[in-house]
Structure formats: C-alpha cells, structure tokens
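Here's the structure we're looking at; comments come further down.
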Amino acid sequence: MYSFDPTEEQQMLIDAVNKFAVNDLRSAAHEAEEGRVLPKKLINKGWELGLLQASIPETYGGFGERSAVTGVLALEEMAFGDLAGTLAVTTPSLFAMPILIAGTEDQKQAYLSKIIEGEWVPFTAALIEYAFDFDPNELKTTATLEGKDYILNGEKAFVPFANEAEMILVYANLGGQTQAFILPKGAAGLTVSDEREKLMGLNALPMYRVKFDGVKVPVSNRLGGVQGMDFEQVLASMRIAAASAAVGVANAAFEYSKDYAKEREVFGVKVAQKQAIAFMLAEMRTEIEATRLLTWEAAWKIDRGREDASNDAYLAYTGAMDMVMMVTDRAVQILGGHGYIREHPVEMWMRNGRGFAAFTGLAIV
Amino acid sequence: MPIEFEAPKPITQAQFVLKTVADEMMRPKSRYFDEHEHEIPWDYIEFMHSAMKAMGGSALAPREGSNGSEESDNDKRPPIGYQLIAAQLEALSWGDVGMYHCLPGGGLGAAAVYSAGTPEQRAKFLARFNEDKPTFAAMCITEAGAGSDNSAIRTRAVLDEKTNEWIINGEKIFVTGGDKSFTEYEKLGKGFIVVWASIDPAAKRAGMRAFVVEGGTPGVKVTKLENKMGIRVSDTAAISLVDARVPFENILGSPTVETNTAGFKKAMATFDATRPLVAATGVGVARAALEFLKEKLVEKGVQIRYGLPRQKLTNIEREVIDMDVMLKSAWLMVIKAVWMADNKIPNALESSMSKVKAGDVSTKVTQKVVEILGPLGYSREFLAEKWFRDAKITDIYEGTGQINRLVVARNILGYSGKDLR
Ligand SMILES: Cc1cc2nc3c(=O)[nH]c(=O)nc-3n(C[C@H](O)[C@H](O)[C@H](O)COP(=O)(O)OP(=O)(O)OC[C@H]3O[C@@H](n4cnc5c(N)ncnc54)[C@H](O)[C@@H]3O)c2cc1C
C-alpha cells in the first residue's frame, strides 16, 4: 500500500520539534550566526526532545527503536527552525547512529547509554576532507593495520565540536574501503586545530580541522569489529538526513518569502499578486514536495532494508542539493534588496543552502 | 496507515500485464500510426476491449467502489481506485501515449458524468462501456476563443419548454477522441460527448453546465480532425453543434442558475481527479525515453556511476542522474495526489503540483534524451524523437503548465481567481 500519513506518535513528535524549531531555534538563529555561538542551554533544550534517545532500544539505555522515516520527519522540522542549531543538537547522533547501525554488541553496550544518559555531550564524527574532489568512498585519510592496531594518518575538515568532543568517530580508507574508528579525546597523534572553520554559512556551529599523525586505534575500536561495517548503509542514512534538512531549510525560505510577498505592496497590489512572483512560489512549493517525497521513500526503504535504498538515498540527496539552492535563491529574490540584508534570514538560508553540496556527514538519522 | 511506499499488488500486477501489452500491441505499431495520421488502430482497440472485459470491465472508467464509494466502504482495505488507474496510464503511456488515448472506455467524458452526475445518470450513461463493442466518450470544453479561460465559452444551451429539451449551439475544438465518441462506426458502440455550455451567459461561471450529447445526435458534426506535432494516433476533433436537441435529463448538475459558483466548482473538481492521471501519462512517456537512453548507453559501454559526488561525474552521468531524480519525484507526486483522491482528502494543490511537475519533467527528459542521443535521437528510425513530440502535450492539456501554476499559487497564497489572475 501507498500511504503518506505520519503515525500519531510521529505527528506528536513533529509538533513538538516544530515548537522548538520555531520558538527557540529560529528566534536565536540570527544572533547565533552573527555572534558565532550557540547557547548550550538552547542545545540542551533540543536534546531534551529525545530524538536520539528515542532511536535507541531500551537495552542500550534508550526508549525506542531506529526509524529512518521518523528521523527524516523530525530533522526536516528542526531544520525549518535553523540549520546550525539543528546540526549542533544532533551532533551526538553522528557518533551514536553508526554504532547503532553497524557497531558490534560490545560497542553498543560500551557507548550508546553513555551518550544518551544525561545532558547533551559532544560526541562527534569526522568524515569530510578538505579537497574539492572529496568522495566519502575514496577517503584520503588512511588506516593501516600494524599488529593489533590500526594506524590513522590524514586530516579531516568540518568536524563539529571537535575541540570539546568526548569521542570522535573517524572515517578512513582501509585498503580502498571506507571504515570507521572510535577515538577517545586526547588520543596520541590527534590534533584539533586552534581555529574554527571559516565558512560561508553555518557560522554558529563550531567546526574544526582534525589531524591524525600515526594515531593508534585498537582493533576492537574499529566500527563493527574485525569484520568492519557496510559503509553504504551509513552513507545512505547520512544522505537522507542531509536531504531532509535541506527540505526544512527550503521550506523555511519558502514560507518566509511567501508571507513577505503577501504583505509587500508594489504598483498598487501585493507583490504575490504578480505572476512572476506567484509562479516562483508555486514552483518552490512543488519542488520542495518533490524532494520531500524522494526523501521519505528512501528512508522507508532504509527501514525495510531494501537493496535499492542506498541508490534512492543518493538520488534524494542529489535532488535536494539542487532544490534547496533553487528555493533559497528565489526566496532572496522575492524579498528584493531586503533579501540581501542580513536582518532578514533568507540570505543566511541561501548561504546554508549552497552548503548541502558539501554537508554529507554532518547529519545522520 | 503509516508512511509506506509499497505498491499494492493489483498495481504491480497491472504494471506487469500492461508491460506485455505495450511491448506486443503498442510499440510495434507506434511508428506506423505516427506516420499514418487519422487511421484508427482497430486491432489494438478491439484487443484492449476484449482484454479489459475479460479482466472484469472497463478498467479506466471509474466504477462504483473503485474509488472508495459504496462497496469499499464495507471493505476494510483502503481504496486504491485512482492509484490503480494512474499506474495503468503510466504503463500504457510508456508503450505509446497516443495509443493510450485510443483505449476504449469513458475517458474524460465518463469522469465528468461520474463526478458531476446523479446516481441515475451514472447508471444510465456509464453502463455502455462494458457492452460488447468498444465504446468511447469525450469531453468538449475548449473553443477557438476559450482555452485556458474556459469561462469565456460561447456555446449556449436553451431549454425548449414545450419539448423539455435543451437546444445547444456552439463550436468546440480540440476534443480528444471526439470522432470515436461521436461518429457512428460499425465496430464501435454508441458513445457520447460531454459538451460544456452556458445556460445563462450573464451569470458567467455560475451559468456553465455540462450536457451529455449522445453519439449521432442530429445537428452535431465532426468538422475537422487536427494534424498534430505528436500523439497523432489520437483523434483531436472539432465539433459543431447547430440546434442540437438533448433530453432535459442529460444536464449534469442543477438545471437552474444558482447565484454562487458551487455547481461549476463541483464540475471543475473533475480536474482535481484527472490532473494527476494526465501527469501519470507524462511520466510514462518520459520513462520510455529515459530507459531507451540507458539501453543505448549500455550498448556503447557508457556506465552511470551512481553514488559518486557530483563534481566527479561526467556530464552524461549528471544528466542521467538528474533525469532519474526528476522522474522518480514526479511519479511520487502523482501517487500522492491520487492516494489523496482515493482517501477523499481534498487534493487540488497536490493534483496541480503533480501536473506542473510532470509537465516539466516529461518535456525536459524527452528533450534531453534526444539531445544526448545526437543523430540517433533526431532520427525517425528510433522512437525517441516521437516521444519528444508526444510528451509536449502533457504541459498543455488539462490546464497548461501556467494554469496549474496559478492553481498552486492561489492555493498556497490563499488567493481567489480575482486576487491572482
Ligand atoms: C492534443 C490536444 C488535445 C486536447 N484535448 C482536449 C479535450 O479533450 N477537451 C477539451 O475541452 N480540450 C482539449 N484540449 C484543449 C486544451 O485543454 C487547451 O488547448 C488548453 O487548455 C490551452 O488553451 P488554449 O490552447 O486556448 O491556449 P490559451 O488559453 O490561449 O493559452 C495561451 C498561452 O497563455 C497561457 N495563459 C493562459 N492564461 C494564462 C494566465 N491566466 N496566466 C498566465 N498564462 C496564461 C497559457 O499557458 C499558454 O501558454 C486539447 C488540446 C490539445 C492540443
């Protein structure tokens, strides 16, 4: 059967996340972006919604089970508030979800409950590398087996909260395959840059470069143990997460510019009454819906363990990348000169919108 | 039901069967009928009619129960009538969208009777599609001076109180299947056309009504069959009505003019149901073109490396992947719109969005495929160039791309037709 109705619980979650996104994240977003800081209180409030906690089974200290569909519904809604805030709140998922998806029983026992037992604590992950041809399946950071340890060498970029992270999940190239390794804070040979990343957007989110210079990781800290893990699964979950966040950002821009166009007068009518503007809005709404449905379907396939889930996730992400750029660009255009002024959020959404092409690995469901 | 994307069994079964029909009955004849415009594909029509009868009736005329009314209300399974039709049309249009239009059954004409007619009218006019001979019905709104702005129609219906008949005068154009629905052919059952006319021009939209005009009615004539860019096997008729007399009870909706436009709106709701179906046909053509392109690429040893970051892809890979994205999302939008129809959720917005999307996608994809295939794409030895010509109609009929954008925009802005013209 086809069906497009979220369950009652999902709807309750969406409503709760929406409240937080609009009342808390959105209202703090401008100041956070300008001041380059997200209040911990804000992050904790988002954390208390329990998105990650609800994805983790009771045996590991949580109170639910993983659902990619629920994940994308919630993430879209939160990103509707603010992207930087959303990525901060969900940073611990970058560490926890791959363990839940692909970790050994021991790894799940060892880490999951620790991450979710109390307040938000920065557990993070490092996937992105500083190269124009960055490809998650062909990493330049390497892992090599030497005796009982893996040795990591290379450099990662855009690692959220690396400076204060309790632990980092590091993705590296092991004989041509992307595998992940669990690293504690302060491991020998691991250095976090002093300076934060300077990016076009996401200024509120503290992100760092991380260097690995012969860092030793015991075999037991390889994600999935000696057999390792199927990275495709993890990557697919990252891609639909990015896609759903893109839908949230696009929807924010759409709603804002729509409301603006209904207020703004030009030549004696509301600007929304001009077809040139109204048609843009119609197309924005249509393309948002298109990507949302692609994302839902890919998430549903992930939950069902379908073989083509990974390809669908790739297509959803590919579509989302273009869609969010198109929508946020038009939102700025609809506000005219005012759209270019930082007092309105649309220019920030447009800056964030372009980032999705580089954001694989900053969110996961 | 929670969010799900599992195609129901009847849909996958229909897709399987119709793939064979497309391969055996449609594709081999596509080129012939493209080059012999105005010939009628009798073999196909007769085959489809008997096949559909064998399967339990005319598949594409909405039947009682098939869209959630009557019988399926007692049935616990959610209704999937419109979803099934959308899947069937997509599959048939993958075969040949022009030939799909030659599928016997009620088409848009029956859809109008179904949504605006009384139960008696439905019983009276719709039963014929399950008779022995293939039978057609068509919808006549458009006139030379009234296309997108269908409130500008000049066709008039006046009640002759003595005989209790409507007398209709006017000129309709671009009637899909108008010839097969109206002209009496020995191989066909008696069809009808649904003619839109005003019973009170001063009342504008509130005065517009649809009338069932039986095939062969005196005073009504097919005056022309258009020569078209594509979908050539589908007849597109001009029909003139001169003092055509129609029984009183053939009016769909109320015979008196209300001051509001509720009646008109109800009839227009036909389009909320049929727009995603037209969108489905566009998806079908586009899928045909894209699959053909992929076959040719495989033959030439060109691989599409799905999963690679965008900046590492070749141009062809990017184009193909973008087309996959477009096609997949257009189909999902169709499915969502018809799922809403099946579940009686108002879907004016989703219907029009699916039509906007499919109009864009079918034209873009078929254009790109011809481009990428170069001389092979442009050559009439292959069907790609035909699909390009066929696909363009998706963005024109049942509301042009612009009209559907207007519907979407009014919907999201909360505007009336006056606020946004
Ligand atoms: C092959 C074929 C089959 C058809 N089948 C049927 C059928 O079975 N029954 C039937 O009744 N009709 C049928 N039609 C008619 C079809 O629905 C109309 O052609 C269509 O609605 C457009 O009307 P028009 O051709 O008069 O264009 P116009 O209305 O003259 O439009 C011209 C251009 O102006 C744009 N435009 C119009 N209004 C606006 C506006 N308010 N804002 C912005 N842009 C606008 C249009 O999008 C278009 O680009 C068929 C047409 C074709 C070609």
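Okay, here's what the table says:
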| read-out | value |
| --- | --- |
| Within-15-Å neighbourhood charge of A:GLU65 [Cβ basis; K, R +1; D, E -1] | 0 |
| Accessible area buried, both sides summed, chains B and A with 1.4 Å probe, Å² | 4800 Å² |
| Chain A, accessible surface, carbon-and-sulfur percent (1.4 angstrom probe) | 50 percent |
| 1.4 Å probe, heavy atoms, protein only - residues of region B:306-320 losing at least 40 Å² accessible area vs chain alone | B:TYR306, B:GLY307, B:PRO309, B:ARG310, B:GLN311, B:LYS312 |
| Relative contact order computed over region B:70-145 (Cα-Cα under 8 Å; 6+ residues apart), in percent | 28 percent |
| Loop-exposed GluC sites (Glu not before Pro) per DSSP, neighbour cap 10 Cβ within 10 angstrom, longest uninterrupted part of chain B | B:187-380 |
| Karplus-derived 3J(HN,Hα), 6.51/-1.76/1.60, for each residue of region A:73-81, Hz, glycine and proline x | 4, 5, 5, 4, 5, 6, 5, 4, x |
| Assigned charges on the beta-carbon of Lys, Arg, Asp, Glu; the protein assembly as shown dipole about Cα centre (debye) | 1180 debye |
| Net charge of neighbours whose Cβ lies under 14 Å from the Cβ of A:GLY214, counting Lys and Arg as +1 and Asp and Glu as -1 | -2 |
| Positive-end residue of B:GLY374, B:PRO346, B:GLY284, charge dipole of region B:263-413 with Cβ unit charges | B:PRO346 |
| 222 nm mean residue ellipticity, helices alone, for the protein assembly as shown (DSSP H n ≥ 4; -39,500 (n - 2.57); rounded to 500) | -15500 deg cm²/dmol |
| Charge tally in the Cβ shell below 15 Å around A:LYS140, where Lys, Arg are +1 and Asp, Glu are -1, A:LYS140 excluded | -2 |
| Chain A: relative contact order as a whole-number percent, Cα under 8 Å and 6+ apart | 19 percent |
| Residue-normalised accessible area of region A:8-116, given per residue in Å² at a 1.4 Å probe | 40 Å² |
| Longest site-free stretch - chain A; sites: trypsin sites (Lys or Arg not before Pro), DSSP loop, at most 12 other Cβ within 10 Å | A:1-147 |
| Bridge type composition, the protein assembly as shown - antiparallel percent by DSSP, nearest 5 | 85 percent |
| Mean Cα-pair separation over length for region B:263-413, i.e. relative contact order, pairs under 8 Å, 6 or more apart, % | 33 percent |
| Residues whose placed amide H lies under 5 Å from that of A:TYR208, excluding near-sequence neighbours | A:PHE158, A:VAL159, A:PHE161, A:ALA162, A:GLU197 |
| Charge-dipole axis of the protein assembly as shown as Lys and Arg at +1 and Asp and Glu at -1 on Cβ define it, positive-most pick from A:MET323, A:SER93, A:MET229 | A:MET323 |
| Whole-angstrom gap from region B:31-45 to region B:131-188, using each part's C-alpha centre | 24 Å |
| Cβ charges +1 (Lys, Arg) and -1 (Asp, Glu), total dipole of chain B, debye | 1040 debye |
| Fraction of accessible area attributable to carbon and sulfur, chain B (%, probe 1.4 Å) | 55 percent |
| Listing of region A:1-48 residues, each with accessible area lower by at least 20 Å² in the full protein assembly than in the chain alone (probe 1.4 Å) | A:MET1, A:TYR2, A:SER3, A:PHE4, A:ASP5, A:THR7 |
| Separation of alpha-carbon centers, region A:231-258 and region A:283-354, rounded to whole Å | 6 Å |
| Placed amide H near A:TYR150: partners under 5 Å, 5+ positions off or other chain | A:VAL217, A:VAL219 |
| Region B:137-258 shape via C-alpha gyration tensor axes, a/c threshold 1.5 | oblate |
| Distance from region A:176-200 to region A:21-54 (C-alpha centre basis), Å | 24 Å |
| Per residue accessible area of region A:231-358, 1.4 Å probe, in Å² | 34 Å² |
| Three-way shape call for region B:93-196 based on the alpha-carbon gyration tensor, with the a/c threshold at 1.5 | oblate |
| 5 angstrom amide H check on A:ALA126, placed H, neighbours 5+ away | A:LEU169, A:VAL170, A:TYR171 |
| Global form of region A:169-280, assessed from the alpha-carbon gyration tensor, a/c cut-off 1.5 | prolate |
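The values are calculated or read from the model by the stated rules, or taken from the named source; none is laboratory data. Not measured: the values here are computed from a predicted model. Ideal geometry is used to build each Cβ from the backbone, glycine not excepted, and the neighbour counts take in all protein chains shown. For accessibility, only protein heavy atoms count, side chains too; no ligands or nucleic acids. Shrake-Rupley method; radii C 1.70, N 1.55, O 1.52, S 1.80 Å.
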